[in-house]
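All remarks here apply to the structure that follows.
Derivation of every value follows stated rules applied to the coordinates shown; laboratory data play no part. Since we're looking at a predicted model, the values are computed, not measured. No Cβ is skipped: glycine too gets one built from the backbone with ideal geometry, and neighbour counts run over all protein chains shown.
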Amino acid sequence: MAKGNPPPLTPAAFQVLLALARGRAHGYRIMGFVSEITDGSVQLGPGTLYRTLARLAADGLVEEAPDMSEDEPHDARRRYYQLTGLGRQVAAREARLLERLTAAAADAGLLSRQEKSA
């Protein structure tokens, strides 16, 4: 797969990219973000998370982050990940697509007024 033309994102891939768009994070933090942002309706298990991270890294969308700063607690088992420039572009493209789909759902009467403005 050419790094300049990544495949369409799965929901899990977009959720991971969205978590990393806020800054570098380790796997447990990514899983917590996804659970929080979906009100617990999506729980990324470790297998799904790390397969997704491996795929995103292979496609050039994420990379392992450099060593942590000295003011953060150290845990040698934790690996931190961050978006690449391409990853940020792909996440933004997917967000725009989801925005258009949500607008279409609202136009079709699938969202209440309160959900439209949220």
(request) State, to one decimal in nm, how far the label point of Glu63 lies from the label point of Leu86, with both points 7 Å from Cα in the Cβ direction. (result) 1.1
(message) Among 8-20, 90-102, how do they line up by average Cβ neighbours within 10 Å per residue, starting with the highest?
(response) 8-20, 90-102
(message) At 7 Å along Cα-to-Cβ for each site, give me the label-to-label distance between Thr102 and Thr10 in nm.
(response) 2.3
(request) Note the full-extension length gain between Arg51 and Ile37 as 0.36 nm times their separation in residues minus their Cα-Cα distance, in nm to one decimal. (result) 3.0 nm
